[in-house]
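K.L.:
Structure in structure tokens, see below.
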Amino acid sequence: MNLGNNSIDFFQPQVMAIVNVTDDSFYEGCRAIDEKAIAQRVREVIREGATIVDVGGYSSRPGAVDITVEQEWQRVRMGLRAVREVSRDVVVSVDTFRAEVAKRAIEEFGWLIINDISAGELSPEIIDVVAEADVPYIAMHMKGTPQTMQQMTSYEGGVVAAVRGYFEQRVEQLKARGVKQIILDPGFGFAKSVEQNYELLADLSQLCSMGYPVLAGLSRKSMIYKPLGVTPKESLAGTVALNWEALRQGATILRVHDVQEAVDVVRLYGMLKAKEV
């Protein structure tokens with residue numbers, strides 16, 4: 001995928017580092033609420049091997065408090081400014097579902113990936129913003145909003161078939177409106193029960209076989225800490241295990257809080273694959 005003078009090669013799995021410019025994200029370890037803290041985290045994740053830095057200013061955890069477009073933009077702008085002060089070269093994505101935030105980010109900071117938890121459902125104009133700028137677009141599966149999604153976990157025919165069917169239709173709609181660089185995200189934890197998350201992971205290859213890069217966002221989520229009876233802070237080992245399975249199923253991006261551990265997983269998985277006959 002192309003980003004102006006930069007590019008992403010999905011023959012090698014990529015590690016995306018989460019940088020949340022919020023004070024209410026579910027995992028406090030990735031929160032950075034001022035430019036100094038953001039810059040410190042960005043330096044850390046780049047040093048550990050992140051190839052993409054994902055900046056978000058809107059918490060999308062279940063039941064998160066809604067904020068205005070202007071509040072989100074000010075957070076995202078601060079985050080992007082801090083990232084670019086640290087590195088002019090690292091690939092950056094903006095975690096937003098709002099067209100206005102995406103538009104301002106691209107206008108001010110240039111080539112970016114737009115990471116949309118709603119695949120254009122919550123702010124349809126974002127599709128035109130992405131198409132006009134010809135930037136990569138991550139389309140995630142979700143029903144409802146972050147405030148309502150966990151009451152919307154019914155899937156006729158099963159969650160895997162529903163998610164694949166949704167993407168088959170949505171990809172064609174995106175392409176028809178001019179989006180050329182598409183990444184799919186099954187949306188682990190978004191409008192899905194713990195059991196449905198594992199059904200989706202167990203058959204993730206169904207999405208990976210569609211011919212588009214697939215992002216797996218499993219890091220420290222409730223599908224790990226709830227069954228284990230622990231907290232997000234105690235969920236690193238479970239995250240590592242599920243990231244390995246996501247790679248085995250064909251995922252090409254791991255979106256994580258803990259970069260060094262994810263980079264290690266990618267490296268070791270690559271060594272194993274190199275030995276397979």
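K.L.:
Check SER93: other-chain or 5+ apart residues with amide H under 5 Å from its amide H, H built from backbone geometry?
P.N.:
Close amide H contacts, sequence-distant or interchain: VAL53, ASP54, VAL55, ILE113.
K.L.:
Something else now. Using a 10 angstrom cutoff on alpha carbons, build the Gaussian network for the chain and name the most mobile of SER209, SER59, SER193.
P.N.:
With Cα springs under 10 Å in the chain, the top fluctuation among SER209, SER59, SER193 is at SER209.
K.L.:
Now a separate question. From the protein chains alone at 1.4 Å, what is the descending order of accessible area for TRP244, TRP73, largest first? Don't skip to the answer; put the middle values down first.
P.N.:
Values: TRP244 85, TRP73 15 Å².
These residues rank, largest area first, as TRP244, TRP73.
K.L.:
Also, I was wondering about something else. Report the extension gain between LYS233 and SER205 in nm, rounded to one decimal, defined as 0.36 nm multiplied by the number of residues separating them, less their alpha carbon distance. Don't skip to the answer; put the middle values down first.
P.N.:
Numbers: separation 28, 0.36 × 28 = 10.08 nm, distance 2.88 nm.
Net length gain for the segment: 7.2 nm.
K.L.:
Something else: How large is the accessible surface per residue of the chain, computed with a 1.4 Å probe and reported in Å² as a whole number?
P.N.:
On the way: 12190 Å² over 277 residues.
Here the per-residue accessible area is 44 Å².
K.L.:
In the structure shown, do any of LYS36/LYS143; LYS143/LYS175; LYS143/LYS180; LYS226/LYS275 have a Cα-Cα gap over 30 Å, and if so which? Intermediate results must be reported in sequence, preceding the final value.
P.N.:
Details: LYS36/LYS143 35 Å; LYS143/LYS175 21 Å; LYS143/LYS180 24 Å; LYS226/LYS275 35 Å.
Table pairs above 30 Å Cα-Cα are LYS36/LYS143; LYS226/LYS275.
K.L.:
Excluding ligands and nucleic acids, what accessible area in Å² is computed for VAL86 using a 1.4 Å probe, to the nearest 10?
P.N.:
50 Å²
K.L.:
For the stretch 65-100, state which trypsin sites (Lys or Arg not before Pro) are in a DSSP loop and have at most 12 other beta carbons lying within 10 Å of their beta carbon. Mind showing how you got there, number by number?
P.N.:
Values: sites: ARG75, ARG77, ARG81, ARG84, ARG88, ARG98; in loops: ARG88, ARG98.
Answer by residue number: ARG88.
K.L.:
Would you rank THR96, THR145, THR68 by solvent-accessible area, highest first, keeping every protein chain in place and using a 1.4 Å probe?
P.N.:
Values: THR96 5, THR145 40, THR68 70 Å².
Accessible-area ranking of THR96, THR145, THR68, largest first: THR68, THR145, THR96.
K.L.:
Per residue Cα convex hull volume for the stretch 159-252, in cubic angstrom? Don't skip to the end; give the middle numbers.
P.N.:
Details: hull volume 8.6 nm³, N = 94.
So the per-residue hull volume is 91 Å³.
K.L.:
Which three extents, in whole angstrom, do the alpha-carbon atoms of the stretch 200-241 cover along their principal axes, largest first?
P.N.:
36, 15, 13
K.L.:
Moving to a separate point now. State which helices in the chain qualify, where a helix is a whole DSSP H run, it must extend 18 Å or more along its own axis by its Cα atoms, and its mean Kyte-Doolittle hydropathy must be at least -1.0.
P.N.:
Values: long enough: 35-48 (20 Å, -0.74); 69-86 (26 Å, -0.69); 159-176 (26 Å, 0.01); 236-249 (20 Å, 0.29); 259-275 (25 Å, 0.32).
Within the chain the helices that satisfy the rule are 35-48, 69-86, 159-176, 236-249, 259-275.
K.L.:
Of ASP54, ASP95, ASP128, which is the most mobile in a GNM of the chain whose springs link Cα atoms less than 10 angstrom apart?
P.N.:
Of the options given, ASP128 has the highest mean-square fluctuation.
K.L.:
Compute log10 of I(q)/I(0) for the chain with the Debye formula, placing one identical point scatterer on every Cα and leaving out solvent, at q = 0.08, 0.13, 0.14 Å⁻¹, to two decimals.
P.N.:
Debye curve over Cα of the chain, log10 I(q)/I(0) at q = 0.08, 0.13, 0.14 Å⁻¹: -0.29, -0.82, -0.97.
K.L.:
Put +1 on the Cβ of every Lys and Arg and -1 on every Asp and Glu Cβ in the chain; which of GLY270, TYR137, GLN249 then has its Cα farthest towards the positive end of the dipole?
P.N.:
Sorting the options by dipole projection puts first GLY270.
K.L.:
When the accessible area of the stretch 169-277 is computed with all protein chains present and a 1.4 Å probe, what percentage of it is carbon and sulfur? Write out the running numbers ahead of the final one.
P.N.:
On the way: 2680 of 4940 Å².
C and S fraction of accessible area: 54 percent.
The values are calculated or read from the model by the stated rules, or taken from the named source; none is laboratory data. None of these values were measured; they are calculated from a predicted model. For neighbour counting, all protein chains shown are included, and Cβ atoms are generated from backbone atoms with ideal geometry for every residue, glycine included. Note: areas computed on protein heavy atoms with side chains; ligands, DNA, RNA excluded. Shrake-Rupley method; radii C 1.70, N 1.55, O 1.52, S 1.80 Å.
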